[in-house]
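The values are calculated or read from the model by the stated rules, or taken from the named source; none is laboratory data. On a predicted model such as this, the values are computed, not experimentally measured, just so you know. Every residue, glycine among them, receives a Cβ derived from its backbone with ideal geometry; neighbour counts consider all protein chains shown. We work out accessible area using only protein heavy atoms, side chains counted, and drop any ligands, DNA or RNA first. Shrake-Rupley method; radii C 1.70, N 1.55, O 1.52, S 1.80 Å.
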Amino acid sequence: MATKATLDYFEAAQAIMDKVRSTQIEAIDEAADIFTHSIFNEGLVHMFGTGHSRMFIEEMYPRHGSFPGFHPIVELSLTYHNQVVGANGQRQAMFLEHVEGLGQVILHNFVLSAPDCFIIYSNSGLNEVVVDVALEAKRLGLPVIAVVSLAHCAATAAAHSSGKKLPDVADITIDNCVPGGDALVRVAGLEDPVGPGSTIGAAAVTNMLKCRIAEKLTALGKPPLVLTSSFFIGKQASSQRFDDTYDDYRNRVAKTYGCKP
């Protein structure tokens, strides 16, 4: 039998989904236009996030039902949580999120130019390194799309020395529609709320973007090369498709590392 806490989380998660649908479709479509332009013209959508925000980068590509055109920029020092404590522990990752200048150092590894663009995930929209990355992308003339909790971001002071938060820098901000603080459920007798919701909102936004981009690319006569499960096309064809999409990805990212495809 479902408990009150179980149903409370489900209902809160459903409320997030309903709010994304009722308030974010226009922003998602505008962002999809920018991403489609980049991919159609052999550019890349660079993706950045720290902490748990790396999940949405992995959600975008590579996995079943996804396609090349996206370039993950994921620093293990900012995202590797498995150890929790000790070497590569969570304390270090959370410390590094607040080191100004690190974002520019990370991006210095790559050749970034039009028609590329950026999507940056951050539930708070505050940490210095994500603002760094957004500022550097804008300095290079690249469009920036942010996915944040506007409720959390608006209620919290800026941390970056520029006084800017991620939405202040981004060309388009998509709200993941999660309440401030992320945790959704109050349990009787427990002081603190539990059950974060940002995974629900940001994952939904990610896949809505992915589907809209596929729709737009197909309408333009350049359908994406989809990484497709053997359930749909059989084991042999699926295996070949995996290789084909990885080869396509390799060719696309070559220029980002200063190489010719």
Open item on the list: For a quick check of understanding: with a 1.4 angstrom probe and all protein chains in place, what accessible area in square angstrom does Glu30 have, to the nearest ten?
Closed with: 80 Å²
- [ ] Could you work out which residue, out of Ile213, Ile106, Ile119, moves most in a Gaussian network model of the chain, that is, has the largest mean-square fluctuation with Cα springs under 10 Å?
- [x] Ile106
Task: Percentage, to the nearest whole number, of Cα pairs in the chain over 36 Å apart - done: 15 percent
Open item on the list: At 7 Å along Cα-to-Cβ for each site, give me the label-to-label distance between Ser113 and Gln240 in nm.
Closed with: 3.6 nm
- [ ] Taking only protein heavy atoms into account and a 1.4 Å probe, give the accessible area per residue of the range 45-91 in Å².
- [x] 44 Å²
Task: DSSP bridge orientation in the chain - percent antiparallel, rounded to nearest 5 - done: 15 percent
Open item on the list: Based on alpha-carbon centroids, what's the gap between the range 93-168 and the range 186-261 in Å, whole number please?
Closed with: 22 Å
Task: Debye, to nearest 20: dipole size of the chain, +1 on Lys, Arg Cβ, -1 on Asp, Glu Cβ - done: 500 debye
Task: Protection proxy ranking of 189-195, 19-25, 218-224 - average other beta-carbon atoms within 10 Å, highest first - done: 19-25, 218-224, 189-195
Task: Computed over the range 168-208, the ratio Rg/Rh where both radii use C-alpha atoms and Rh is Kirkwood - done: 1.12
Open item on the list: Helix-only estimate, please: 222 nm mean residue ellipticity of the chain, summing -39500 (n - 2.57) across DSSP H runs of length 4 or more and dividing by its residues, to the nearest 500.
Closed with: -14500 deg cm²/dmol
TODO: Using only the Cα atoms of the range 96-155, build the gyration tensor, take square roots of its eigenvalues as a ≥ b ≥ c, and label the shape rounded, prolate or oblate: rounded if a/c is under 1.5, else prolate if a/b is larger than b/c, else oblate.
DONE: oblate
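How much of the accessible area of the range 171-223, in percent, comes from carbon and sulfur atoms when a 1.4 Å probe is used?
The value for the range 171-223 is 59 percent carbon and sulfur by accessible area.
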Task: Alpha carbon convex hull of the range 26-92, projected area averaged over orientations, nm² - done: 5.5 nm²
TODO: With an 8 Å cut-off on Cα pairs and a minimum separation of 6 or more residues, tell me the relative contact order of the range 1-129 in percent.
DONE: 28 percent
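Ignoring any ligand, DNA or RNA, what whole percent of the accessible area of the range 45-167 comes from carbon and sulfur when the probe is 1.4 angstrom?
Of all accessible area on the range 45-167, carbon and sulfur atoms account for 58 percent.
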Open item on the list: Counting only other residues whose beta carbon sits under 15 Å from that of Ala159, what net charge do I get with K and R as +1, D and E as -1?
Closed with: -3
TODO: Mean Kyte-Doolittle of at least -1.0 plus a Cα span of 24 Å or more along the axis: flag which DSSP H helices in the chain meet both, please.
DONE: 4-23, 198-219
Task: Dipole of the chain, positive direction: furthest Cα of Phe231, Val178, Thr156, with charges on the beta-carbon - done: Phe231
Task: Rel. contact order, % - alpha carbon contacts under 8 angstrom, at least six apart, the chain - done: 24 percent
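State in Å² the accessible area per residue of the range 135-253; use a 1.4 Å probe, count heavy atoms of protein chains only, and round to the nearest integer.
51 Å²
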Task: Charge dipole (debye, nearest 20) of the range 1-91; +1 at Cβ of Lys and Arg, -1 at Cβ of Asp and Glu - done: 440 debye
Task: Antiparallel DSSP beta bridges within the range 118-261, as percent of all bridges there, nearest 5 - done: 20 percent
Task: Which of Thr23, Ala5, Ile39, positive extreme of dipole for the range 1-91 (C-beta unit charges) - done: Ala5
Task: Proximal charge balance of Thr173 [Cβ under 13 Å; K/R count +1, D/E count -1] - done: -3
- [ ] Filter the trypsin sites (Lys or Arg not before Pro) in the range 165-261 down to the DSSP loop ones having no more than 16 other Cβ atoms within 10 Å, then list what survives.
- [x] Arg186
